[in-house]
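Trainee: Got a structure for you, written out below as structure tokens; questions coming shortly.
The values are calculated or read from the model by the stated rules, or taken from the named source; none is laboratory data. This is a predicted model, so every value here is computed, not measured. Every residue, glycine as well, gets a Cβ built from its backbone with ideal geometry; the counts of neighbours run over all protein chains shown. Accessible surface is based on the protein model in full, side chains and every heavy atom, while ligands, DNA and RNA are left aside. Shrake-Rupley method; radii C 1.70, N 1.55, O 1.52, S 1.80 Å.
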Amino acid sequence: MSLHERRLTDHELGGNTLWYKDAVIYQLHIKSFLDADGDGIGDLSGLTRKLDYISSLGINTIWLMPFYPSPRRDDGYDISNYKDVSPEYGSVEDFQTFVNAAHARKIRVVIELVVNHTSDEHPWFQRARRARAGSPERDYYVWSDTDDKFAETRIIFVDTEKSNWSWDPVAKSYYWHRFYSHQPDLNYRNPEVVEELLSIMNFWLDKDVDGFRLDAIPHLVEREHTDSENLPETHALLKHIRARLEERHPDVILLAEANLWQEEAREYFGDGDECHMAFHFPLMPRMFMALAKQNARPIKTILRQTNSIPDECQWAIFLRNHDELTLEMVSEAERNFLWETYAADKRARLNLGIRRRLSPLMDQDRRRIELLHMLLFSLPGSPVLYYGDEIGMGDNTDLGDRDGVRTPMQWSDDRNAGFSNAAPHKLALPVIDDPQFSYAAINVAAQDNDPHSLLNWIRQMLALRRRHRAFARGAMRFAKTDDDRVIAYLRTCGEDVILCAANLSSVSLAAKISLPKLADYVPIELAGGTTFPVIGRDSYPLTFQPYAYFWLKLTKAG
Ligand code: BGC
């Protein structure tokens, strides 16, 4: 058995049950990563071939977007069979080979699990609509004779859906759906549905996956006269699932996708007995806001309002992902401001968000791209990177829905960006070839060879981050500055004390950082190892170029 085929024990994987606290997560779509069999669609064999690349970034966890059989009307978030792999991507055996090869490189695998709804093509739905009303089969989904039940529940895909109910002519009844009408919601009040979910999870755990991103979990259970989000029933269900999974798989992690304010998102950690991780949705737009306003306050305010979480839990923090950059967790005035700033071209707007990648959002300004990554890598939480952003890939707003940010990975300046040998019209999505972001210029091969590329800069920053436990595990405290354009905070873990400071503005400036208990400490700049003047009794002066930042290790003098 070759190394890649051998299953590693949790211990060999560097195993400790809190591994996710040290996770640096890379989110990718198999479809768009590498096409090994030349049919125009990325596949598991292609992805497996690129594991060394992922490892070279300093990534230790992959989050795989849905890879299950699906009519793909929501790009795979509409699953028609949970216990298989879509044939275009490979087989369950190919999946196992991929997981083993990832584990051999000490990379964990977290898979997407769409728990709230299925595709309307799923056999459960096809059976339910034909089954007798009130029968156990019908009861897999949520039905009603009228479309006015749960009236207080908001619509999420406001650009496409007018109601959360759709009429099914076969069942002669309305069915409930929080997302597209082809995605009927499962009925978790039915214990059989809960058992089905557990059986699906165990199926993939038996293939050695390390965790699940639980899609859209605030909506699992609905109740009349509520907004049907975050109900106690939903939390009870998640606790039950966690407890049941842990009986056989104590190291599995659950990552909550709950697009909510931080107090509500925090509830998904329970008392350390629900999800291990949750995305910090309100922080994300505030990083963009801080940059646009050239002011640290949006980030400071939201993090000060974020209560501590159970010791064994961890936030997942991110800049971009496969969806629109959601502006649900900001006020209307802030949303309009962010739309005006980052999506003046209305084609870039979708639902309550912006369907653009990071580099175009930053007008390809390397300084601002670095600054946002510096925050991502040093604020509390496990950073999640979206494939392609490490080379500054562009997007394509001419494509529908969110496809414009899901285009093929740009590996080289070869045909189809080195993604596939297929004829260009056969590709899952067209490669980006507009003059500004063309794969001819923006690709992995070119950046690999350039020591100053964004790709190599990200590798270096992640290598630094790995060397200091304070980033992943440390406490965090803001340091006062005399200038709101500067953000400064300390990450501390035992003797490891790191001062992170950045100028969020477009001008050069000098600022004073208040470090009252750190007199006599000597700052050493992490990337270059340069020693800075010792910290005195007064506030510490730092000068910054526009958008410049420092990571300074503070060591006691003498
Ligand atoms: C996913 C989306 C998807 C939706 C419905 C979301 O939260 O991130 O990509 O369209 O769930 O499944």
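Trainee: Counting only residues 5 or more places away or on other chains, whose amide H sits under 5 Å from the amide H of A316 once H atoms are built in the peptide plane?
Mentor: A278, F279, H280, S382
Trainee: Relative to the longest principal axis of the chain, what angle (0 to 90°, nearest 10) does the C-alpha long axis of helix 366-378 take?
Mentor: Roughly 80 degrees between the two axes.
Trainee: Express the carbon and sulfur contribution to the solvent-accessible surface of segment 476-556 as a percent, rounded to the nearest whole number, probe 1.4 angstrom.
Mentor: 52 percent
Trainee: Once you've got the Cα coordinates, tell me which of K50/K426; K106/K239; K207/K553 are over 31 Å apart.
Mentor: In this structure, K207/K553 lie more than 31 Å apart at Cα.
Trainee: Still on this model: Probe radius 1.4 Å, ligands and nucleic acids ignored: give me the carbon and sulfur share of the accessible area of segment 123-176 as a rounded percent.
Mentor: Accessible surface attributable to carbon and sulfur in segment 123-176 totals 51 percent.
Trainee: Next question. With contacts defined as alpha carbon pairs under 8 Å and 6 or more residues apart, what's the relative contact order of the chain in percent?
Mentor: Across the chain, relative contact order equals 12 percent.
Trainee: Let me ask something else. Along the charge dipole of segment 117-238, Cβ charges K/R +1 and D/E -1, which of L220, L238, A131 sits furthest on the positive end?
Mentor: A131
Trainee: Note the full-extension length gain between M476 and R132 as 0.36 nm times their separation in residues minus their Cα-Cα distance, in nm to one decimal.
Mentor: Gain on extension, M476 to R132, equals 118.2 nm.
Trainee: Another question about this same structure. Suppose all protein chains stay in the model; what accessible area per residue would a 1.4 Å probe give for segment 123-176, in Å²?
Mentor: Here the per-residue accessible area is 55 Å².
Trainee: Quick one: Karplus J couplings for segment 182-187, per residue in order, coefficients 6.51, -1.76, 1.60, θ = phi - 60°, nearest Hz, x for Gly and Pro?
Mentor: Each residue of segment 182-187 in turn: 8, 10, x, 6, 6, 9 Hz.
Trainee: Let me spell out the model: positive unit charges on the Cβ of Lys and Arg, negative unit charges on the Cβ of Asp and Glu, origin at the Cα centre of segment 123-176. What dipole size does that give, in debye rounded to 20?
Mentor: Here the size comes out at about 300 debye.
Trainee: Give me the percent of Cα-Cα pairs in the chain that sit more than 36 Å apart, rounded to a whole number.
Mentor: The proportion of pairs with Cα distances above 36 Å equals 34 percent.
Trainee: Also: As a test, work out the antiparallel percent of DSSP beta bridges whose residues both lie in the chain, rounded to the nearest 5.
Mentor: 60 percent
Trainee: Something else now. Where the only charges are on Cβ atoms (+1 Lys, Arg; -1 Asp, Glu), what is the dipole of segment 293-409 about its Cα centre, to the nearest 20 debye?
Mentor: 360 debye
Trainee: If you don't mind, another one. Considering amide H positions built from the backbone, and no H for Pro or chain starts, which residues 5 or more places from A36, or on another chain, come under 5 Å of its amide H?
Mentor: The answer is D43, G46.
Trainee: In Å², what does the accessible area per residue of segment 305-364 work out to with a 1.4 Å probe?
Mentor: 40 Å²
Trainee: Ranked from highest to lowest mean number of other Cβ atoms within 10 Å per residue, what is the order of the peptides 266-278, 222-234?
Mentor: 266-278, 222-234
Trainee: Assigning unit charges at the beta carbon (Lys, Arg +1; Asp, Glu -1) and nothing else, what dipole magnitude in debye, to the nearest 20, does segment 420-558 show about its Cα centre?
Mentor: 660 debye
Trainee: Then there's this: Taking K517 as the anchor, which aspartates and glutamates have their alpha carbon closer than 19 Å to its alpha carbon, excluding any fewer than eight residues away along the same chain?
Mentor: Partners found: D482, E495, D496, D538.
Trainee: Under the Karplus relation 6.51 cos²θ - 1.76 cosθ + 1.60, θ = phi - 60°, what is the ordered set of whole-Hz ³J(HN,Hα) values for segment 69-78, x standing for Gly and Pro?
Mentor: After applying 6.51 cos²θ - 1.76 cosθ + 1.60, I find x, 6, x, 6, 7, 10, 6, x, 7, 10 Hz.
Trainee: Report the paramagnetic label zone for E263: residues of segment 328-349 whose backbone N is under 19 Å from a point 7 Å from Cα along the Cα-to-Cβ axis.
Mentor: 328-332
Trainee: Highest mean first, what order results for 482-490, 446-454 on Cβ atoms within 10 Å?
Mentor: 482-490, 446-454
Trainee: Please work out how much length the chain gains when fully extended from D39 to D413, using 0.36 nm per residue of separation minus the C-alpha to C-alpha distance, in nm with one decimal.
Mentor: 132.7 nm
Trainee: How many percent of DSSP beta bridges within segment 273-419 run antiparallel, rounded to 5?
Mentor: Taking every DSSP beta bridge with both residues in segment 273-419, the antiparallel ones total about 40 percent.
Trainee: Over the Cα atoms of segment 160-209, what is the Rg over Rh ratio if Rh follows Kirkwood?
Mentor: Over the Cα atoms of segment 160-209, Rg/Rh equals 1.13.
Trainee: Segment 145-182 to segment 323-397: how many Å between their Cα centroids?
Mentor: 31 Å
Trainee: Go through 401-412, 286-297, 514-525 and give me the packing order, highest mean Cβ count within 10 Å leading.
Mentor: Listed from highest to lowest mean packing, they are 401-412, 286-297, 514-525.
Trainee: Moving on to the next point. Of the options P424, G494, V534, report the single residue whose Cα projects farthest towards the positive end of the charge dipole of the chain (beta-carbon charges: Lys, Arg +1; Asp, Glu -1).
Mentor: V534
Trainee: Sticking with this one: With point charges of +1 on the Cβ of Lys and Arg and -1 on the Cβ of Asp and Glu, referenced to the Cα centre of segment 293-335, which listed residue (W315, Q294, M329) lies farthest in the positive direction of the dipole?
Mentor: Q294
Trainee: Same structure, new question: Name the long-range amide H neighbours of H117: under 5 Å, sequence gap of 5 or more, or other chain; modelled H, no Pro or chain starts.
Mentor: Residues meeting the amide H criterion: L186.
Trainee: Using the Karplus equation 6.51 cos²θ - 1.76 cosθ + 1.60 (θ = phi - 60°), what ³J(HN,Hα) coupling, rounded to whole Hz, does each residue of segment 81-93 give in order, writing x for Gly and Pro?
Mentor: Ordered by residue, 3J(HN,Hα) equals 7, 7, 10, 8, 10, 4, x, 4, 8, x, 10, 4, 5 Hz.
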